[in-house]
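Values quoted throughout were computed directly from the atomic coordinates according to the rules given, and no laboratory measurement underlies them. Since the model is a prediction, treat every value here as computed from it, not as a measurement. Cβ: placed from backbone, ideal geometry, glycine included. Neighbour counts: every protein chain shown.
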Amino acid sequence: MSLTFKHIAPFLTTGKNKASRWLSYFGLGIGVLLLLSSIQMYININGLLKNKNPKKDGYDYIPVTKNISNENMAQSHAFTEAELLELQKQPFIDDAAAFLSNKFVMKANGGATLPFSSDIFVESIDEKFLDTLPPSFTWKEGDQVIPIIIAADYLELYNTVFAPSRDLPQFSEKSLTSLLIGIDCEGFNGTERFRGNVVAMSDRINTVIVPKSFLTWANNHYTHAGNPEMNKILLKTRDANNPALLSFLQEKDYHINKDKTKFGRVKQVLQAIVSGLAGFGVLVILLAMLLFSFYLQLMIARSKENLQLLLTIGYSPQWLSKTVSKKWIPVYVIIILCATLATAILHWSFQHLVMNNRDELSPFIHWIVIAVALLLLILSIVVNYRLVRKLLYKL
Amino acid sequence: MQIELQRVAPTYIEPEKISTSHIWNEVLVFQPGEKIQVVAPSGSGKTSFIHFLYGMRKDYSGTVSYNNQDIKTFNAETFAVYRQQHISIVFQDLRLFAEQTVLQNLEIKCQLNPFHSESKIEAMARQLGIESKLNKPCKTCSYGEQQRIAIIRALQQPFEYLLLDEPLSHLDQVNREKVMDLIAEEVSLRQAAVILADLKPTDYFKADKTINL
């Protein structure tokens, strides 16, 4: 016949202090439910608020500048090399590069076909950041035609706002690429005329892009001062709504287009709330375990003489620890199982009743929730065993 | 198993008591099957001696060894193994579970490492005249009855050494004889050694050797 807890039960004072025992069971259940539900909600938020913007290559591209406020208006708002390097090093940023802009006066005119004239600005960026890159987008010294990529939005603005206001012709994307406009560059070497040709439209970058080789040459040629400082940086990231990225940018006081990251900000707030809830759950679990440990300590203290005598007549402390702590394994299993089931019911209700069976959410709880429940079960058993063992060896 | 004492002496006892003792500061080996009687007046360290042998106290100089291993190096698990299989004891203060019944007191030992079937408990209780007390709480039994319960408890396990600390102090002649008969029978079944400590030579105990403490 093998010895079990049943044999030594009459020698232990387990029945006293029932209230604290049941309170600790209840606390443990509530704590586990809070923690598991928070984890499930965290996963739900991530699933529901994934980036909704179409991504051509799986990345988001966000232009970043420094915030200009009344207080810092007089200071430089350029990025340093160290700041660029810091951005590139962040785990949530896949790449980063600075825009290069013109430091000399540039004017565009449409000639006879397109009677308008305007000061313009142009920028350059590494070619790997461009979404459309036709083979004609190259420039070398001596070339008279400058290839240009403009934001697709600009054509739309021109066709819907600018052209009707000036009685100018409207253009399709294709017809625009056949057009050559005049570009005058002014600087130390006087005014020189080039021709500009729109070779592509970009959905990604909201500016006027020319080849870097042209801008580097022209900045030197017209100003003798080289390239200007880096005032704007383009970030390449897997998820523009990553709360870690947003927190980093906020912390650095960098400015970004809020539209690109609006889901991220909502997610950030929701995740903070859910994390707080999970933290509270962990706290409740800890308190419940503490309460249960007091119950165990009290039980062992009350049964001290009997336990000492059991050890004296040959009972092994290891066997006693295992047997005494094993008694509560079914209790822990039941509590954690109930909390997991309650989480599953809550999640199902959320998916079914609140989210109207939306496809982004599975009606079942995530495997991570089950893994955490198992982990908590193992943790409870181990902590309980170690506590009983420690108390018994102290006798 | 063999128990050996190498110049063991309590650290708290007067030096003159040690010099006149035939146990303290001596080299002694207790062989399996031996019947040893240790005789000494009150306060001379009989209970300390039994406790040293059982590994319950460490306040002595010298070495007590089981199978040539110093028991001061044993941990609680090693003692548990020896106490389940090799060495049994009747304490002078009995050390019974006062709140539990007589039967529970006996079963708790029997279940640990049974030498007899549980039905033997009743037979032994009958033999020593306490069968009517089996379902009574231990604390309601007289000291003499409790002494018999402690003796029956010690006989529930296998052992090579049986340590008895004044086991008959509260028993009348008739019960002394019954108890010693039962002990002799059980010891002979196991071919075990007995080390009995008492105030004077015990009736009905056929000692191979009597040592004055």
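Could you give the length gained by full extension between A:LEU133 and A:LEU290, i.e. 0.36 nm per residue of separation minus their alpha carbon distance, to one decimal place?
My answer for the length gained is 50.1 nm.
Between A:VAL145 and residues 5 or more places away or on another chain, which pairs have amide H atoms under 5 Å apart, with H built 1.01 Å from N, and which residues are they?
Placed amide hydrogens put A:ARG195 under 5 Å from A:VAL145.
How high is the FRET efficiency from A:ASN189 to A:VAL269, r the C-beta distance, R0 51 Å, rounded to 0.05?
Efficiency for this residue pair is about 0.40.
Taking the Cα centre of the protein assembly as shown as origin, sum charge times position over the Cβ atoms of Lys and Arg (+1) and Asp and Glu (-1), and report the length of that vector in debye to the nearest 20.
For the protein assembly as shown, the charge dipole is close to 1820 debye.
So if R0 is 41 Å, what FRET efficiency would A:GLN318 and B:TYR12 give, r being the distance between their Cβ atoms, rounded to the nearest 0.05?
The calculated FRET efficiency here is 0.80.
Rounded to the nearest 0.05, what FRET efficiency do A:ALA9 and B:GLN69 give with R0 = 25 Å and r taken as the Cβ-Cβ distance? Could you check?
For R0 = 25 Å, the calculated efficiency reads 0.10.
Between A:VAL208 and residues 5 or more places away or on another chain, which pairs have amide H atoms under 5 Å apart, with H built 1.01 Å from N, and which residues are they?
HN-HN under 5 Å from A:VAL208: A:GLU123.
Find how many whole Å separate the alpha carbon centroid of the stretch A:331-395 from the alpha carbon centroid of the stretch A:174-239.
The stretch A:174-239 and the stretch A:331-395 have Cα centres spaced 59 Å from each other.
So for the stretch A:215-323, if I pair up every lysine 8 or more residues apart or on another chain, how many of those pairs have alpha-carbons under 28 Å apart?
15
Does a label point 7 Å from the Cα of A:GLU305, set along Cα-to-beta-carbon, have any residues of the stretch B:67-104 with amide nitrogen under 16 Å, and which are they?
Those under the cut-off are B:93-102.
How large is ³J(HN,Hα) for each residue in the stretch A:327-334, as worked out from phi by the Karplus curve 6.51 cos²θ - 1.76 cosθ + 1.60 (θ = phi - 60°), to whole Hz, x for Gly and Pro?
Karplus values, whole Hz, x for Gly and Pro: 4, 8, 4, x, 5, 4, 4, 5.
Starting from the Cα of B:LYS206, draw a straight line to each of the lysines and keep only those under 18 Å, dropping any in the same chain fewer than 8 residues away.
Result set, ordered by chain and number: B:LYS35, B:LYS178.
Taking the Cα-to-Cβ direction at A:VAL333 and at A:ASN220 and moving 7 Å from each Cα, how far apart do the two end points lie in nm?
7.7 nm
Arranged by the count of other C-beta atoms within 10 angstrom, fewest first, what order do B:VAL179, A:VAL274 take?
Working: B:VAL179 23, A:VAL274 19.
In order of increasing Cβ crowding within 10 Å: A:VAL274, B:VAL179.
Where does each of A:SER362, A:SER380 land when they are ranked from fewest to most other beta-carbon atoms within 10 angstrom?
Result, fewest neighbours first: A:SER362, A:SER380.
What is the gain in length, in nm to one decimal, between A:PHE350 and A:ASP126 on full extension, counting 0.36 nm per residue of separation less the C-alpha to C-alpha distance? Write down the numbers at each step before the final one.
Working: separation 224, 0.36 × 224 = 80.64 nm, distance 4.63 nm.
Separation in residues times 0.36 nm, less the Cα-Cα distance, equals 76.0 nm.
Taking H as built 1.01 Å from N, whose amide H comes closer than 5 Å to the amide H of B:VAL8, not counting residues under 5 places away?
Excluding prolines and chain starts, which carry no amide H, the hits are B:ASN25, B:GLU26, B:THR63.
Of B:GLU34, B:GLU185, B:GLU160, which has the largest mean-square fluctuation in a 10 Å C-alpha GNM of chain B?
Evaluated over chain B, the most mobile residue of the options is B:GLU185.
Provide A:LEU49, A:LEU337 in ascending order of the number of other Cβ atoms located within 10 Å of each residue's Cβ, fewest first.
Ascending number of Cβ neighbours within 10 Å: A:LEU337, A:LEU49.
Mind checking the dipole of the stretch B:3-212: about its Cα centre, +1 per Lys or Arg Cβ, -1 per Asp or Glu Cβ, Debye to the nearest 20?
Roughly 180 debye for the stretch B:3-212.
What distance in nm separates the simple spin-label points at A:LEU179 and B:GLU185, each placed 7 Å from Cα in the Cβ direction?
Roughly 12.1 nm, to one decimal.
For chain A, modelled as a GNM with alpha-carbon contacts under 10 angstrom, which of A:GLN297, A:GLN75, A:GLN90 fluctuates the most?
Evaluated over chain A, the most mobile residue of the options is A:GLN75.
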